[in-house]
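Below is one structure; the comments refer to it alone.
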Amino acid sequence: MSEALQTQEVGSLAKPDWRVAVIADKPIDNDSYQTLETWNQDYGFFETPTYGQDVLRSAQTEFADRNRYSPDTKARIRDLAAVYATRLQEFAGLDIVYDGEQDRAEMYQHSIARTNGFEWRGRVRAFDTKSYKKAACVDEPSISEPWHSDEVTRLQSLTDKDIKVPITGAYTLAAWSYDEHFDNRVDLVRALARNVIRPNIEALLAQGAHWIQIDEPAATTVPGEVPLFVESFNESVRGLAGKFSVHLCFSDYTQLLPHIEQLENCSQLSLEFANRDARSLGTAAADRPAYEVLKDITRYAPGTSIGLGVVSVHEDAVEPVELVRDRILRAVDIVGDPALIYPSPDCGLRTRSWPVAYNKLLAVAHGSRLAREQV
Amino acid sequence: MSELLIESAVHGIAPRSDQLLTLGGDVERGRATQANFDEQVAIETADWLALQAEAGITYPEDGKLRWQDHLRPIVAATDGFAPGIDEAPVTRWYDSNTFYRQPTITGDLEFNPKEFTEQVGPLGGNVSLLAPDTFASLCRNEFDGIPADRNVWRLYTDILAHLEDNGVKRVLFENYLPGSLQATPLESLERHADWFADLQLVLLTHPKEGGVVSFPIEPAKNIGLTIRPETLAHILKTVPDYLQPELKGVELIRPIIDATTTRLEQSTLYDEELRVLAQYEFGRVTLTHSLDLERLPLAYAQEKVKRLGELAYQAQEKVAGL
């Protein structure tokens with residue numbers, strides 16, 4: 001039996017201000033030095049309080065001379081952001097980590113920018129003030145080279161923790177794009193799974209990654225197309241030797257239920273729950289309405305582990321650890337085996353500041369410890 | 001020669017420019033002020049209206065650029081919802097990569113017109129809102145005193161009266177509920193239509209998979225109907241003879257522009273379709289777009305509006321020749 005209630009991230013963290021400044025070829029704020037020192041002195045990320053400041057200083061000097069940053073400097077800043085993002089998750093106490101997707105602009109944009117056969121069409125609002133760049137498929141999709149290899153190689157040298165690699169799935173890439181080539185989403189999804197996602201996964205496995213999380217937030221948005229999502233997942237991983245999971249969020253999971261058992265080689269469903277749950281404490285069914293769907297999930301997919309969203313990613317208020325504990329205990333009560341429960345944030349925390357994200361991950365870890373004492 | 005009148009309507013939330021999208025984020029991070037944002041909204045609203053005027057759109061709308069989603073300004077201006085709508089659960093908006101904040105009904109819904117005006121700014125002559133039944137279905141209901149749909153309809157009574165008092169002449173209800181018009185949305189509209197004597201209410205449905213507008217129905221005289229584009233001619237051909245008089249004079253809303261694709265529509269209404277429409281003596285056909293144009297980047301949405309105007313003009317020319 002594997003260890004119970006292992007905690008995990010889901011993917012993204014925000015990019016620190018100094019990383020954003022360098023991406024945009026804008027000056028790095030002097031406050032950035034203090035920010036790094038705070039993480040080291042107050043949280044203990046690195047013994048040397050000034051760790052990484054030399055990279056910032058060198059970048060500042062270069063910008064003062066040339067009014068822009070060289071590709072080498074941008075890469076060093078990116079790597080420093082990945083180092084700190086990884087530390088943040090380790091020090092929050094997560095068992096399974098990634099690097100906060102510091103290489104990626106955004107889950108859709110990063111993938112499409114590296115996929116042949118797409119052209120950008122412009123920005124579209126997602127909600128509130130959040131937007132994303134949207135592209136159109138104009139030719140047969142393909143890749144020139146796999147695009148997650150460098151970040152995984154770097155992360156393997158940064159941490160001894162287990163690593164879970166998030167990769168945006170074929171169905172979501174298709175659903176969030178305009179189709180100007182196939183005139184048929186089925187063919188677009190199949191082409192993306194076969195020509196784009198599968199080769200990326202094969203490359204990751206070849207370099208030693210063993211757990212790939214396929215992000216498919218769009219999976220259940222068109223009920224009639226859920227079988228197409230399932231087909232694309234299977235096409236992406238069929239016959240490959242690795243551990244595979246799928247992440248969905250902000251969706252109607254019941255649409256997936258009749259099709260869950262058709263998912264091949266899927267060991268975990270990572271789902272958002274906290275966003276739609278009540279805020280008061282308690283472990284009864286009435287106290288935890290968002291988690292009731294687990295009854296059906298467990299019935300349709302017995303033995304599949306659950307990436308259990310226990311903190312919301314769309315509000316700054318940090319959940320009390322007792323609330324996190326109760327959400328986990330309710331899930332354990334329904335699923336039965338605590339080894340099948342992986343407490344997580346609802347989704348990537350990229351819309352929260354690092355202090356908020358850190359405290360939410362801390363709540364995930366502490367709440368899990370409290371729950372572990374009771375199961 | 002047919003007397004069928006072909007008109008055009010733009011509705012819903014329009015796309016924000018890159019500048020406005022960036023400004024919105026900057027306001028959130030304290031890098032710009034709300035006044036900066038409002039100023040840009042005013043500029044882009046004027047541009048959006050000018051574009052529609054140039055395209056010859058019969059029923060233009062202001063694009064709702066201040067609306068964070070379809071429900072937010074109404075919720076913010078109404079007592080009876082749980083406080084803190086800006087932090088409410090983020091919930092996927094149907095089959096899209098867009099989201100809304102889900103309101104929770106906790107009591108009798110009481111509309112505050114002054115707050116609503118502050119939220120949405122000045123209103124034009126044409127306004128689109130979620131259909132009340134759709135609005136209710138998108139809320140979480142924690143109030144036992146009255147069913148959610150009745151509670152929301154009562155709220156809408158006040159909203160519509162407020163709109164009427166402020167010079168709004170036409171309200172288009174966007175109905176996302178699956179299924180047919182035999183269900184509650186149309187019945188609700190008919191039940192309440194008499195309360196708003198000078199307002200023209202129009203129901204635009206967004207049928208889901210398998211959803212087809214169905215007959216028999218008995219439309220009130222000031223209520224428009226939507227027919228799913230690809231089934232229009234087929235449905236009308238199958239209308240029983242005894243129901244045909246019911247259709248006379250009714251406005252038909254025909255989504256002809258697809259808001260989910262960047263491709264520009266190349267054809268106008270099929271000739272066969274126009275002949276059928278004329279045969280049933282609809283009062284007028286209003287061409288529009290399928291969903292909010294916010295699903296497209298601004299430049300593509302602008303082209304779609306222009307094409308909508310062109311298609312309406314071409315269709316009217318064809319009708320004249322029938």
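The values are calculated or read from the model by the stated rules, or taken from the named source; none is laboratory data. Just so it is clear, the structure is predicted and the values come from calculations on it, not from any experiment. Please note: Cβ atoms are built from the backbone with ideal geometry, for glycine as well, and neighbour counts cover all protein chains shown. All accessible areas refer to the heavy atoms of the entire protein, side chains included, with ligands and DNA or RNA removed. Shrake-Rupley method; radii C 1.70, N 1.55, O 1.52, S 1.80 Å.
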If I filter the stretch A:342-358 for residues that are farther than 30 Å from residue A:18 by Cα, in contact with a helix residue (DSSP H, G or I) (Cβ under 6 Å, 6 or more places away or on another chain) and away from chain B (no Cβ under 14 Å), do I get at least one hit?
yes
Is it true that some residue in the stretch B:132-144 is modelled with pLDDT of 90 or more and surrounded by fewer than 17 Cβ atoms within 10 Å (Cβ to Cβ)?
yes
Residue satisfying all of: in the stretch B:9-19; surrounded by 21 or more Cβ atoms within 10 Å (Cβ to Cβ) and within 11 Å of another protein chain (Cβ to nearest Cβ); nearest to residue B:175 (Cα to Cα) among these
B:13
For the stretch A:181-216, enumerate the residues that are touching a residue at least 60 places away in the same chain (Cβ under 8 Å) and either within 12 Å of chain B (Cβ to nearest Cβ) or surrounded by fewer than 17 Cβ atoms within 10 Å (Cβ to Cβ) (or both).
A:181
For the stretch B:25-58, which residues satisfy the criterion of being charged (D, E, K, R), modelled with pLDDT of 95 or more and open to solvent by 70 Å² or more (accessible area, probe 1.4 Å)?
B:39, B:47, B:54
Inspect all residues belonging to the stretch A:292-302 and state whether any of them is buried (at least 22 other Cβ atoms within 10 Å of the Cβ) and within 14 Å of chain B (Cβ to nearest Cβ).
no
Out of everything in the stretch B:291-314 that is more than 14 Å from chain A (Cβ to nearest Cβ) and open to solvent by less than 30 Å² (accessible area, probe 1.4 Å), what residue ends up being farthest from residue B:7 (Cα to Cα)?
B:305
Close pairs (7 angstrom Cβ cut-off, 6 or more residues apart or separate chains): at positive phi and facing chain B (nearest Cβ under 10 Å) in the stretch A:103-128, modelled with pLDDT of 95 or more and in a loop (DSSP other than H, G, I, E, B) anywhere
A:122/B:297
Count, please, the residues in the stretch A:230-277 that happen to be within 12 Å of another protein chain (Cβ to nearest Cβ) and buried (at least 17 other Cβ atoms within 10 Å of the Cβ).
12
Do we have residue B:121 as in contact with a strand residue (DSSP E or B) (Cβ under 8 Å, 6 or more places away or on another chain) and surrounded by fewer than 20 Cβ atoms within 10 Å (Cβ to Cβ) here?
no
Odd one out for residue A:169, checked against (1) open to solvent by 20 Å² or more (accessible area, probe 1.4 Å); (2) within 14 Å of chain B (Cβ to nearest Cβ)
(1)
Only one of A:79, A:42, A:29 is surrounded by 14 or more Cβ atoms within 10 Å (Cβ to Cβ) and part of a helix (DSSP H, G or I). Can you tell me which?
A:79
